[in-house]
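Structure, as structure tokens:
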Amino acid sequence: MDVIQALSRCGGVARRPVLAGLGVSDAALRRAVRAGLLQPARGLYALPSAAPSDVALLIRRQLLTCISAAPFYGLWTVAPAGLLHVHHRRKVAAEGEVAHRELSLPPHPYRPVAALGDVLIHALRCLPPRESLVMVECAVGRGDMSLQFLRERLPGRRNGKARQMLEWVDRGAESLLETLARTTFRRAGIHVEAQVYIEGVGYVDLLLEGWLVVELDGRHHSDWAQVKKDHHRNNKSVVQGYTVLRYYYADVVHRPEHMLAEVLAVLAGQGGARPATR
């Protein structure tokens with residue numbers, strides 16, 4: 001593999017041992033540097049297109065982890081990371097950073113990113129409950145991670161809260177909104193079923209207490225054809241005796257208390273006829 005190909009596999013920047021592992025010789029690196037390849041630090045090589053943030057991580061010998069690594073692994077997040085979450089052997093956080101401690105797995109072979117398992121473990125120990133939950137549920141739902149794997153790496157009393165979060169994970173969640181809404185309702189003591197099939201309607205996002213349908217819509221803008229389809233689904237559900245509520249991204253993410261209050265009010269009112277058995 002030539003220098004450009006090797007660096008491209010590494011995201012545009014890499015240290016010499018990594019490039020050597022990809023078959024790049026020291027002589028090839030010297031020729032590439034003479035031809036214009038960047039050398040931001042001793043033993044570090046970069047393409048002009050390399051992200052400055054990746055170059056900085058490698059210069060400081062840091063790894064992205066926790067919520068800062070979520071975009072790399074395509075994990076759901078409630079909000080972007082504010083501070084930079086990193087692992088460093090010295091375990092010292094610079095200004096604007098959150099330092100995470102030990103790693104239990106080898107990091108990504110070509111990128112300055114902790115392994116997915118460590119990213120999730122750090123998130124469970126560090127983030128507010130719903131923020132870590134959506135990351136874990138995304139990885140578990142895709143089959144990239146198992147709950148047993150995480151439990152085994154969260155021993156002892158100090159990891160008790162992190163282990164408890166795993167009890168809320170549902171392997172069948174299809175979206176960030178489903179995870180957040182389902183958890184909000186279950187924590188309030190409401191019986192929740194996800195992705196329930198109703199004859200003549202299809203699958204609905206959530207069914208509460210066997211009769212209240214909650215549909216979740218993450219789109220910011222809907223075309224008219226989709227709006228009409230949603231309304232027809234709602235009507236068919238109501239005809240069969242279900243009550244239907246629909247919530248959007250802002251409701252679920254930014255106003256969960258208001259959403260929950262409405263649901264509890266409907267459930268308390270016991271409104272409408274009950275549906276026939278599905």
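Observations on the model:
- Under 19 Å from the residue 126 label point (7 Å along Cα→beta-carbon), backbone N, segment 31-67: 53-67
- Protection-proxy order for peptides 127-134, 58-65, each taking the mean of Cβ atoms within 10 Å per residue, highest first: 58-65, 127-134
- Mean residue ellipticity at 222 nm, helices only, the chain: -12500 deg cm²/dmol; runs of at least 4 DSSP H residues each add -39,500 (n - 2.57), and the sum is divided by the number of residues.
- Separation of the residue 9 and residue 53 label points, Cα + 7 Å toward Cβ, nm: 2.5
- Based on alpha-carbon atoms, the Kirkwood radius and the radius of gyration of the chain give Rg/Rh equal to 1.10.
- Per-selection Kirkwood Rh - segment 60-166 (Cα, Å, 1 d.p.): 13.7
Bear in mind these aren't lab numbers, they're just calculated from the coordinates by the rules spelled out. Fair warning: this is a prediction, and the values are worked out from it, not measured in the lab. Ideal geometry is used to build each Cβ from the backbone, glycine not excepted, and the neighbour counts take in all protein chains shown.
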